[in-house]
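Colleague: Have a look at the structure that comes next, please.
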Amino acid sequence: MPKRPLDHPAHAASARISSPLAPPSPDVPTPLLGNLTPAQFMRRYWQKKPLLIRQAIPNVAAPLSRDELFELADQDDVEARLITHFRNKWQLEHGPFAADELPALKQRAWTLLVQGVDLHDDRARALLERFRFVPDARLDDLMISYATDGGGVGPHFDSYDVFLLQVHGKRRWRISAQRDLSLRPGVPLKVLQNFEPEDEWVLEPGDMLYLPPHIAHDGVAEGECMTCSIGFRAPSSNELTAQFLYHLAERGENAAGGEHEGHAPQLYRDPQQPAVAHPAELPA
């Protein structure tokens, strides 16, 4: 799913969060990364290849209960989306959603996405703190996805790094490093037209999947489930140019390749980014 722009009000809100906890040590192995150190993870996997981690957080609990998530989705200052796939037709609606505006729990194949949960709940913020071995400048937010049986958002790719942590129920993930990123026409979501999965796993509570940008993936709930997505922005060259390199913009130089049929946009890349001890410091 597309992430919010860098100048979205929620990013300003994140600056008002109370002082963050100390970041994880770059050189201490952690179950969160399959007993790799953050430094090893960044060298071997960050922006390079996917990593499946069984029991990254044993005995994990969802930051919010289902009812708490539904209450959050009903607030005016919260970004929420409802995605349904009824009768083989994709539909997308934007919140807020009152409880009686959501489909019935027994209805299959619907998903509620709530962005920026870390801005509204200390438990979600505490979970996010576990991932501060990546510079804060790259951090976007923690999103929670609630889905009924068969729910998902279709096969798609993202333009950011993401850790997909299963916190309730089961979700089947299929992924592919395919180059064909063309999209189905006439669909309100960015659903891939020719998805060809290469790997497949069922994630249970505590399991986590890391995906770098542009790895095609499709997650489908097996029964009721909740997934936390910890996203790290990979801004396009256009975004960086518009916000930081105004002299290039004034000269009319566009360093980014735009998204077009079957091809991914050119993104800021940092495959050699080491784990950091001071995440608030801007990378060189």
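Colleague: Using r as the Cβ-Cβ distance of Ala284 and Asp100, and R0 as 51 Å, what FRET efficiency do you calculate, to the nearest 0.05? Show your work: numbers first, answer last.
Modeller: Working: r = 52 Å, r/R0 = 1.02.
It comes out at approximately 0.50.
Colleague: Would you order Lys170, Lys106 from fewest to most other beta-carbon atoms within 10 Å of each residue's own beta-carbon? Before the final figure, lay out the partial values.
Modeller: On the way: Lys170 17, Lys106 8.
So the residues, fewest neighbours to most, are Lys106, Lys170.
Colleague: Given springs between every Cα pair under 10 Å in a Gaussian network model of the chain, which of Lys48, Lys190, Lys89 has the largest fluctuation?
Modeller: Top of the fluctuation ranking is Lys89.
Colleague: Sticking with this one: Sum up the charges of everything whose Cβ sits under 13 Å from the Cβ of Pro279, counting Lys and Arg as +1 and Asp and Glu as -1, but leave Pro279 out. Spell out each step's value before the answer.
Modeller: Numbers: positive: Arg130, Arg132, Arg138; negative: Glu129, Asp136, Glu281.
In short, 0.
Colleague: Right, next: Please work out how much length the chain gains when fully extended from Arg66 to Ala22, using 0.36 nm per residue of separation minus the C-alpha to C-alpha distance, in nm with one decimal. Let's see the in-between values first.
Modeller: Details: separation 44, 0.36 × 44 = 15.84 nm, distance 2.96 nm.
Stretched out fully, the Arg66 to Ala22 stretch lengthens by 12.9 nm.
Colleague: Quick one: if the Förster radius is 45 Å, what FRET efficiency do Arg108 and Gln272 give, using the C-beta to C-beta distance and rounding to 0.05? Show your work: numbers first, answer last.
Modeller: Details: r = 44 Å, r/R0 = 0.98.
E(calc), rounded to 0.05, equals 0.55.
Colleague: What are the semi-axes of the equivalent ellipsoid of region 57-96, taken as the square roots of 5 times the eigenvalues of the Cα gyration tensor, listed largest first and rounded to whole Å? Walk me through the numbers before you get to the answer.
Modeller: Working: eigenvalues 114, 58, 11 Å².
Rounded to whole Å, the semi-axes are 24, 17, 8.
Colleague: List the residues whose amide H sits under 5 Å from the amide H of Asp158, counting only those 5 or more places along or on another chain, with H placed 1.01 Å from N in the peptide plane.
Modeller: Amide H neighbours of Asp158, under 5 Å, 5+ apart: His214, Ile215.
Colleague: Separate question: Any chance you could list the semi-axes, whole Å, largest first, of the equivalent ellipsoid that the Cα gyration tensor gives for region 24-250, using √(5λ)? Display every interim value, and only then the final one.
Modeller: Numbers: eigenvalues 134, 98, 78 Å².
Working from the Cα gyration tensor, I get semi-axes of 26, 22, 20 Å.
Colleague: Taking K and R as +1 and D and E as -1, what net charge do the other residues with C-beta under 11 Å from the C-beta of Ser145 add up to?
Modeller: Charge balance in the 11 Å sphere: +2.
Colleague: OK, next. Take the alpha-carbon positions of region 123-200, form their convex hull, and give its projected area averaged over all directions (one quarter of the hull surface) in nm².
Modeller: 6.9
Colleague: Using r as the Cβ-Cβ distance of Glu204 and Lys89, and R0 as 35 Å, what FRET efficiency do you calculate, to the nearest 0.05? Walk me through the numbers on the way to the answer.
Modeller: Values: r = 30 Å, r/R0 = 0.86.
Computed FRET efficiency for Glu204 and Lys89: 0.70.
Colleague: Also: Mean residue ellipticity at 222 nm from the helices of the chain, using -39,500 (n - 2.57) per DSSP H segment of n ≥ 4 over the full residue count, to the nearest 500 deg cm²/dmol?
Modeller: Details: 6 runs with 41 residues, N = 284.
Mean residue ellipticity at 222 nm (helix-derived): -3500 deg cm²/dmol.
Taken together, the values in this text are just the output of simple stated rules run on the coordinates, not laboratory data. Fair warning: this is a prediction, and the values are worked out from it, not measured in the lab. FYI the Cβ positions are ideal-geometry reconstructions off the backbone, even for glycines, and counts take in every protein chain you see.
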